[in-house]
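Colleague: The structure's right below; bear with me while I get my questions together.
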Amino acid sequence: MPDLALICFDDERARAWEPFALTRPAGELVFGTMTQRARAERVFGAPCVLHLAADHLRGFEEGNAPPVATPAEAPAEGERLFLSSRAVPAWGSREVWTERRGGPGPLVIGEQVVGWYAPAGSGPVDPDFFLHPQTADRTGAVQLEGRVLENVWALMSGTPDQITEDVAALFPDVGSAELPEGVFRLGSHPLVLGQDSAIEPGVVLDLSAGPIWLDEGASVRAFTRLAGPAYVGPGSTVLGGALESCSIGPVCRIRGEFAESVALGWVNKAHDGHMGHAYLGAWVNLGAETTNSDLKNNYGTVRLWTPEGEVDTGEIKVGCFLGDHVKTGIGLLLNTGTVIGAGSNVFGGAMPPRYVPPFSWGTGDDLSAYRQETFLQVAGRAMSRRNLALGEGARAQLGAAWQRGRGDAG
């Protein structure tokens, strides 16, 4: 469908998905093996041309991500499909939608409106729809299979099952990949090896509970036990340790214990330490032995900070959520259900509070504002180590995020 324009939008709920909403549109968050935007492109066979998101995200730059605009600037002509960033349409939805679509109307998953189809000539969509899609007229709605992510922690807890679904849909006829000598395979779920992926002798791949996909240029070094469902993104390296039920984005370095967790991209966890039931934003750098708790001593459900206040997740295991560009010092310990805002640098022997505001700097409760220019310098240096530049658009966008998160600091 080359003439169809796909537009992802962040509704009011997605705009509260902190600590990530301050620095990126929700469509650029990984769920399963790919970002929400990338999955929508594959499902509907159309490129995403725009993110409709909060104004402070203008200038967002990352890989092949489309630009960010406000809902009032949504395309008003041509054939358009607007899709919520929280929607996870089932693989095969394109065929269902193509068969059932008619004139302008909503897309529905379960009981929730998740999108709007605007055929050529149908005119603009009310900008309020993108913030409050549930108020839309449901006449002529196209019902799709799939799920809607309600809360930010669903990106973590639902990823293992989504990895299994993604691999089954994208590699329906995958065979049993041949392994180098000295690599051990357990179980019978699919193993997908991308071009130029590499596995050293002394690695155990446990396919008993789910598939494993090593994407293009991914590598796994000796003395690693990697258990599925698991995905290792392009150019990423697993340096050793025990990893299970995890999704690792592009150009990451992961070592130690990494379980039921997601590394969005360009994450550096090159040393030992435990990360469990965690979601790490882009450009997170964990000091050696940084370790989180993901289970309370009383085995109760975990409460988590949100912009609307602390809420009960209903989950027994919840680790930490670290925003983009967070840095930790060596030996840092993180409590169950810790949220660290984007751009923060926390270190020292004292455990930080369970909520650290964005762009914080310091030890334990002794936190001050991380100076904007210093933060931007460090972010640029970190990116240059991966042969990427902090462009002017991204620099301005991160500056706007700093003002939004720390404007009271001057």
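No value in this document is a laboratory result; all are computed from the given coordinates. All of these numbers come straight from a predicted model, not from anything done at the bench. We place every Cβ from the backbone using ideal geometry, glycine too, and count neighbours over all the protein chains shown.
Colleague: Quick one: if the Förster radius is 22 Å, what FRET efficiency do Ala169 and His132 give, using the C-beta to C-beta distance and rounding to 0.05?
Modeller: On the way: r = 31 Å, r/R0 = 1.41.
After rounding to 0.05, the efficiency reads 0.10.
Colleague: Given Cα pairs under 8 Å that are at least 6 residues apart, what percent is the relative contact order of the range 156-409?
Modeller: Values: 719 pairs, mean separation 23.6, N = 254.
With pairs under 8 Å counted, the relative contact order is 9 percent.
Colleague: Going by how many other Cβ atoms sit within 10 Å of their own, how do Tyr279, Tyr117 line up, fewest first?
Modeller: The order, fewest Cβ neighbours first, is Tyr117, Tyr279.
Colleague: Taking H as built 1.01 Å from N, whose amide H comes closer than 5 Å to the amide H of Ser236, not counting residues under 5 places away?
Modeller: Ala218, Ser219, Val251, Cys252
Colleague: Could you order peptides 34-42, 259-267 by the average number of other Cβ atoms within 10 Å of their residues, highest first? Numbers along the way, then the final one.
Modeller: Details: 34-42: 21.8, 259-267: 25.6.
In decreasing order of mean packing, 34-42, 259-267 become 259-267, 34-42.
Colleague: For the chain, set up a Gaussian network in which alpha carbons nearer than 10 Å are linked by springs, and say which option among His271, His132, His189 fluctuates the most.
Modeller: His132
Colleague: Additional query: Based on DSSP H runs of at least 4 residues, each adding -39500 (n - 2.57), what is the mean residue ellipticity at 222 nm of the chain after dividing by all its residues, to the nearest 500 deg cm²/dmol? Intermediate values should be presented prior to the final figure.
Modeller: Details: 7 runs with 65 residues, N = 410.
Helix-only estimate at 222 nm: -4500 deg cm²/dmol.
Colleague: At 7 Å along Cα-to-Cβ for each site, give me the label-to-label distance between Asn335 and Asp312 in nm.
Modeller: Each label point is offset 7 Å from its Cα along the Cβ direction, giving 1.9 nm.
Colleague: Right, another one. Pop out the ³J(HN,Hα) list for the range 64-79 in order, Karplus 6.51 cos²θ - 1.76 cosθ + 1.60 with θ = phi - 60°, rounded to Hz; leave Gly and Pro as x.
Modeller: Result, ordered by residue: 9, 5, x, x, 9, 9, 8, x, 5, 9, 4, x, 10, 9, x, 7 Hz.
Colleague: When ranked by the protection proxy of mean other Cβ atoms within 10 Å per residue, highest first, what sequence do the peptides 240-251, 19-30 form? Please list the in-between numbers first.
Modeller: Working: 240-251: 22.8, 19-30: 26.9.
Descending packing order for the listed peptides: 19-30, 240-251.
Colleague: Also, I was wondering about something else. Which lysines, on any chain, are close to Lys269 with Cα under 22 Å apart, when same-chain ones fewer than 8 places away are left out?
Modeller: Lys317, Lys327
Colleague: Hey, another quick one. Considering only C-alpha atoms, what is the centroid distance from the range 267-303 to the range 338-381, in Å?
Modeller: 16
Colleague: Please express the Cα-Cα pair-distance distribution P(r) of the chain as a list of whole percents, one per 10 Å bin, running from 0 to the bin with the greatest distance.
Modeller: 5, 23, 31, 26, 13, 2, 0
Colleague: Roughly speaking, what is the stretch gain from Val49 to Ala120, that is 0.36 nm per residue apart minus the C-alpha to C-alpha distance, in nm to one decimal? Could the numbers behind the result be given before it?
Modeller: Details: separation 71, 0.36 × 71 = 25.56 nm, distance 1.60 nm.
Between Val49 and Ala120, full extension yields an extra 24.0 nm.
Colleague: Sticking with this one: Please list, ordered by chain and number, the residues whose modelled amide H lies under 5 Å from the amide H of Val192; skip anything fewer than 5 residues away on the same chain.
Modeller: For Val192, the qualifying residues are Ile212, Trp213, Leu214.
Colleague: Now, a different point. For the range 24-104, compute the orientation-averaged projected area of the C-alpha convex hull (one quarter of its surface), in nm². Mind showing how you got there, number by number?
Modeller: Values: hull surface 23.1 nm².
That works out to 5.8 nm².
Colleague: State, to one decimal in nm, how far the label point of Glu77 lies from the label point of Glu392, with both points 7 Å from Cα in the Cβ direction.
Modeller: That separation, rounded to one decimal, is 2.9 nm.
Colleague: For each of Met275, Met156, count neighbouring Cβ atoms within 10 Å of the residue's Cβ, then give the residues from fewest to most.
Modeller: Met156, Met275
Colleague: Given a Förster radius of 25 Å and the C-beta distance between His271 and Phe184 as r, what FRET efficiency does 1/(1 + (r/R0)^6) yield to the nearest 0.05?
Modeller: Details: r = 25 Å, r/R0 = 0.99.
Taking R0 as 25 Å, the efficiency between His271 and Phe184 is 0.50.
Colleague: Something else now. Ordered by packing density, taken as the mean number of other Cβ atoms within 10 Å over each peptide's residues, highest first, how do 202-213, 221-232 rank?
Modeller: Values: 202-213: 19.3, 221-232: 22.1.
Answer by packing, highest mean first, reads 221-232, 202-213.
Colleague: Could you give me the ³J(HN,Hα) list for the range 133-148, computed from phi with Karplus coefficients 6.51, -1.76, 1.60 and θ = phi - 60°, whole Hz, x at Gly and Pro?
Modeller: Coupling constants for the range 133-148: x, 5, 7, 6, 5, 8, 4, x, 5, 9, 8, 10, 7, x, 9, 10 Hz.
Colleague: Give the long-range amide H neighbours of Gly241: residues separated by 5 or more places, or on another chain, with amide H under 5 Å away, using H modelled in the peptide plane at 1.01 Å from N.
Modeller: Long-range HN contacts for Gly241: Thr224, Arg225, Gly256.
Colleague: Right, another one. What FRET efficiency, computed as 1/(1 + (r/R0)^6) with R0 = 45 Å and r the Cβ-Cβ distance, is obtained for Ala222 and Arg101, rounded to the nearest 0.05?
Modeller: Values: r = 52 Å, r/R0 = 1.15.
Given R0 = 45 Å and the Cβ-Cβ separation, E is 0.30.
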